[in-house]
Structure formats: C-alpha cells, structure tokens
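The values are calculated or read from the model by the stated rules, or taken from the named source; none is laboratory data. What you see is a predicted model, and the numbers here were worked out from it, not measured in a lab. Positions of Cβ are backbone-derived with ideal geometry, glycine not excepted, and every protein chain shown enters the neighbour counts. Heads up: the accessible areas ignore ligands, DNA and RNA and are worked out on the full protein's heavy atoms, side chains in. Shrake-Rupley method; radii C 1.70, N 1.55, O 1.52, S 1.80 Å.
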Amino acid sequence: MQSANVYIDGFNLFYGALKGRPSLKWLDLAAFGRALLLPGQELHRVRYFTARVGGRAVDPHLPQRQDIYLRAVATLPEVSIHEGYFQTKPARLPLASSPAHSPEIVEVLRTEEKGSDVNLSTHLLLDAFREDAEAAVVVSDDYDLKEPLRVVGSALGRTLGVASPRCSPRLGRAVEASFYRPVHEATLRECQLPATVETDGGGISRPADWSS
C-alpha cells in the first residue's frame, strides 16, 4: 500500500463546499481524507490548516461553534491542526454604488486570514523532503499553492493529488497532478462525525445550528 498525507486548506474548503450547508460542517477529517485516496493508498496523516475566527454582530456564536469543532477534530489520531490568524486593518475603498468616473471613497475594516497557505506549503514541502509519505493530496483551489505543488509532484517525485472544493480541475491540471478529486456533497455527507464525540473528559456534541 502507498502511504498518503492529506493537506486541507480549511477556509478554501469552507468557502468552496461548506458555506451555507450547516449539515455538512461536522466533518470527520480522517474519513474525508480516506475518501479522497486512490485504491491501493492508505492514510498516514491529515494536516488541517485554519485560523480562529472572531465574533461578529450577525453571528456572535461563531467562535464557540468553531472551538467545539476543533476540539472534536483534535480527538482524531490521524489529524493535526495548524493555525494561522486573522488580521483586521482599515482600508480605503470605492463605494460600490458611487459612479465609476467619480467614486466615493470610504474607510472600511478589512479582515484577512493570514498564514494558512504558507503553513500548508511549508508542511507539504517538509513532509516531502523527509519522505513522510509517498503521496500527497491537497484540498484547495488556491493558485498560490501552484509552485509548491509542482515541486512536490515533479521535482520530488511524490504522487500528487488535488481535491477541488469547487469541483474544478483547473489547479490539478496546472500542476500536472497524478490525480484529481472533486469534493462532492455526497462525499462530505458520508464523512460526518458522530453526533457526540466521546472523550475522557466527556462528550463533545455537534452544534445545534449544524443539524440542518
């Protein structure tokens, strides 16, 4: 059997396949990783890259739900969590409703996720150099990952898979991946954690907002 590592770009997966689908968010990352592999491959590890979100006026319980999910995922022995961070800073941007020839400029707060793509690239390359696994599967549509993916597949000779949250083969083709996997809703639905994840410290239950 060929050993395989799976690298999940958490926010790319969220915006590409999970946003607006609360019943799919209680995702078992180990089962999901296995579902992406080819016959003859076995899962060695899953690396999950994300960042802690802040509370928002429209959804003040968002950080609490994320914390519950990360604690549940942390119980999976094959999964490690790698956290980036959010950066909020003022930016001056044209108002969408103002005329193009004389746009009204307003100051807004722009929040950007930082670090996940760098962290993913770093661990992807480091694992390849260390020969941690024979295959690498990356779950993302982010073109910023194009060069490290190309290096792992072409220069370092790993079997490279690209799984697209948006079901687009574009990135996989660009890096000449060995195989491509679309992330279908049916796969996500089949790879959900139990409603309550049991731990030595008690159960971790699926957030009520994610039940439908």
Rounded to the nearest 10 Å², the accessible area of Arg170 using a 1.4 Å probe with every protein chain kept is 150
On the accessible surface of the range 109-188, probed at 1.4 Å with all protein chains in place, carbon and sulfur together account for a percent value of 46
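Expressed in nm to one decimal, what extension gain is obtained for the pair Leu38 and Leu126 from 0.36 nm per residue of sequence separation less their Cα-Cα distance? Don't skip to the answer; put the middle values down first.
Working: separation 88, 0.36 × 88 = 31.68 nm, distance 2.27 nm.
Result: 29.4 nm gained on full extension.
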Here the residues of the range 168-192 lying in the modelled label zone of Tyr143, meaning backbone nitrogen under 17 Å from a point 7 Å along Cα-to-Cβ, are 168-177
FRET efficiency for Ala155 and Phe14 from the Cβ-Cβ distance with R0 = 22 Å, rounded to 0.05, comes out at 0.15
With label points set 7 Å from each Cα along the Cα-to-Cβ direction at Thr199 and Gln64, the distance between them in nm comes to 1.7
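Once you have the Cα-Cα distance between Ala208 and Ala74, take 0.36 nm times their residue separation minus that, and quote the gain in nm to one decimal. It would help to have the intermediate numbers written out before the result.
Values: separation 134, 0.36 × 134 = 48.24 nm, distance 1.98 nm.
Result: 46.3 nm gained on full extension.
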Heavy-atom accessible area per residue of the range 114-212, all protein chains kept, 1.4 Å probe, expressed in Å², is 51
Note: Arg21 to Glu176 extended length (0.36 nm per residue) minus current alpha-carbon separation gives 52.7 nm
One checks the Cα atoms of the range 4-46 and finds Rg and Dmax, in Å, of 11.4, 34
Simple spin-label estimate for Val53/His184, 7 Å along Cα→Cβ, in nm, reads 2.7
Averaged over all viewing directions, the convex hull of the alpha carbons in the range 142-212 casts a projected area in nm² of 7.3
